[in-house]
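These notes concern the structure reproduced below.
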Amino acid sequence: MIKAATLFWMFLATAAGIGLFVLKYEVKSMEGQLATIHSKTLENLEAVHVLKAEWSYLNQPARLEDLGRRLLSLKPVKASQTVDIEDIPFRPVGARGGQAANSSLTNPNPPAADQVPPLFAKIRRKQ
């Protein structure tokens, strides 16, 4: 008759064999997933490389200048087109869209230095 110890060791050997069999196929499955992820990563890196190359081409200053001239009719700024900050009229308090809400609010005289808004005061100090 087979002793209990022999049955125990036979059962343990069979369980270990089945466990190793299952583990082997799980590892193969995970290696397949890893290979798939690796290949997708390489594809994405190549796509990023292509996109960076396209971005560099599309943002070439000479190309943008040509597009600006052809499509937007942009031209360089001339010195005669510039004005001093003091020459820009202040918009009245109730003005909307560059027009005064009430004609009595328009002031042909520029404001005194103590009445200048803080933003313009900073600009005047830098000059």
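Could you list all residues from the stretch 46-85 that are β-branched (Val, Ile, Thr) and either touching a residue at least 24 places away in the same chain (Cβ under 8 Å) or part of a helix (DSSP H, G or I) (or both)? Steps first, answer last, please.
First, the residues of the stretch 46-85 that are β-branched (Val, Ile, Thr): 48, 50, 77, 82-83, 85.
If the condition is that a residue be β-branched (Val, Ile, Thr) and either touching a residue at least 24 places away in the same chain (Cβ under 8 Å) or part of a helix (DSSP H, G or I) (or both), then 48, 50, 85 are the ones that fit.
Taking the stated definitions as given, is residue 47 surrounded by 10 or more Cβ atoms within 10 Å (Cβ to Cβ), within 39 Å of the chain's Cα centre (by Cα) and modelled with pLDDT of 85 or more?
Working: surrounded by 10 or more Cβ atoms within 10 Å (Cβ to Cβ): yes; within 39 Å of the chain's Cα centre (by Cα): yes; modelled with pLDDT of 85 or more: yes.
Here the answer is yes, as residue 47 does meet what is asked.
Is there a residue in the stretch 83-98 that is in contact with a Gly (Cβ under 8 Å, 6 or more places away or on another chain) and either modelled with pLDDT of 90 or more or at negative phi (or both)?
Let us first name the residues in the stretch 83-98 that are in contact with a Gly (Cβ under 8 Å, 6 or more places away or on another chain), namely 91.
Checking the rest, the ones that are also either modelled with pLDDT of 90 or more or at negative phi (or both) come to 91.
Scanning the stretch 83-98, I find at least one residue that is in contact with a Gly (Cβ under 8 Å, 6 or more places away or on another chain) and either modelled with pLDDT of 90 or more or at negative phi (or both), so the answer is yes.
Specify the residue that is surrounded by the fewest Cβ atoms within 10 Å (Cβ to Cβ); the eligible residues are those in the stretch 1-44 that are of a type in the set (Val, Ile, Thr) and modelled with pLDDT under 95. Break it down stepwise before answering.
Step one: of the stretch 1-44, the residues of a type in the set (Val, Ile, Thr) are 2, 6, 14, 18, 22, 27, 36-37, 41.
Imposing the further condition that a residue be modelled with pLDDT under 95 reduces the set to 2, 6.
Working: 2: 7, 6: 10.
Among those residues, the one meeting the criterion is 2.
The values are calculated or read from the model by the stated rules, or taken from the named source; none is laboratory data. Worth saying up front: this structure is predicted, and the values here are computed from it rather than measured. Note that each Cβ is placed from the backbone with ideal geometry, even for glycine, and that neighbours are counted across all protein chains shown.
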